[in-house]
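A.B. asks: This structure is in structure tokens; I'll ask about it shortly.
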Amino acid sequence: MEYMYNIHPILVHFPVALLFVYSLIKILPFKKWFPKIAWRDIERALLLIGVLGAFAADATGDLAEHIARPNRALVEMHSTFAGISTFLYGFLLAGEIISVFRVKYGSKILDSRIQKILAYAEQILCDVFISNSVAFLGLIAISITGLLGGVMVYGVSVDPIAGMVLSLLRISI
């Protein structure tokens with residue numbers, strides 16, 4: 001007899017926690033409160049590990065769905081918000097990767113058009129207003145993703161706002 005193990009619940013908590021903390025650091029004025037801390041390095045580490053973890057959690061989500069077989073509408077909405085979360089944080093990570101790449105290797109790029117494209121992409125992706133807005137949207141998306149995952153595992157009665165969110169998303173259980 002072949003056993004399938006559901007490792008999704010083990011993997012999913014790390015990216016949720018890391019990306020949640022990343023968003024809080026990005027949005028709240030921690031840089032003003034604690035100016036001597038290298039917040040950019042902390043943000044980048046949380047973002048990189050969180051996005052990689054999100055990909056791992058996503059890869060195991062399909063297996064979890066086949067093992068548990070929960071409410072179809074709930075699974076689809078959970079998957080949708082997980083995808084939105086991964087996209088938003090991936091967008092932020094792309095900006096950070098371009099920023100690091102330009103600092104380390106930008107002068108070695110001989111084609112001025114590519115340098116301009118990278119500079120423009122960095123300007124947009126790393127803009128404070130844009131990155132803070134995307135981090136806020138990511139925080140909302142990942143919170144809803146976690147809430148929906150919790151509803152699948154524990155039901156509606158554990159989270160006091162689960163019923164309201166399910167109602168807003170028009171999901172009946």
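A.B. asks: Whole number please: convex hull volume per residue of the Cα set in the stretch 8-168, in Å³? Mind dumping the intermediate values first?
C.D. replies: Details: hull volume 22.5 nm³, N = 161.
Taking only Cα atoms, the stretch 8-168 has a hull volume of 139 Å³ per residue.
A.B. asks: Taking springs between alpha-carbon atoms closer than 10 angstrom, which of Leu110, Leu93, Leu137 fluctuates most in the Gaussian network model of the chain?
C.D. replies: In this elastic network of the chain, the residue with the biggest mean-square fluctuation among Leu110, Leu93, Leu137 is Leu110.
A.B. asks: Counting only pairs 8 or more residues apart or on different chains, how many lysine pairs in the chain have their Cα atoms under 28 Å apart? Please report the intermediate quantities before stating the final value.
C.D. replies: Numbers: Lys26/Lys36; Lys26/Lys104; Lys26/Lys116; Lys31/Lys104; Lys32/Lys104; Lys36/Lys104; Lys104/Lys116; Lys108/Lys116.
Value for the chain: 8.
A.B. asks: Quick check: pseudo-label points 7 Å beyond the Cα along Cα→Cβ at Leu48 and Gln115, how many nm apart are they?
C.D. replies: 2.6
A.B. asks: Here is a further query. Taking Cα pairs under 8 Å and at least six residues apart, what relative contact order does the chain come out at, in percent? Don't skip to the answer; put the middle values down first.
C.D. replies: Numbers: 150 pairs, mean separation 49.7, N = 173.
Normalised by residue count, the contact order of the chain is 29 percent.
A.B. asks: Calculate the all-directions average of the projected area of the stretch 88-173's alpha-carbon convex hull, and give it in nm². Show your work: numbers first, answer last.
C.D. replies: Working: hull surface 30.6 nm².
Result: a mean projected hull area of 7.7 nm².
A.B. asks: What are the membrane-span-like helices in the chain by this rule: whole DSSP H runs, Cα extent along the axis at least 27 Å, mean Kyte-Doolittle hydropathy at least -1.0?
C.D. replies: 8-27, 39-68, 72-105, 128-154
Only the coordinates and a few stated rules stand behind these numbers; no lab work does. The model shown is predicted, which means the values in this text are computed figures rather than measured ones. When we count neighbours, we look across all protein chains shown, and the Cβ atoms used for this are built from the backbone with ideal geometry, even at glycine.
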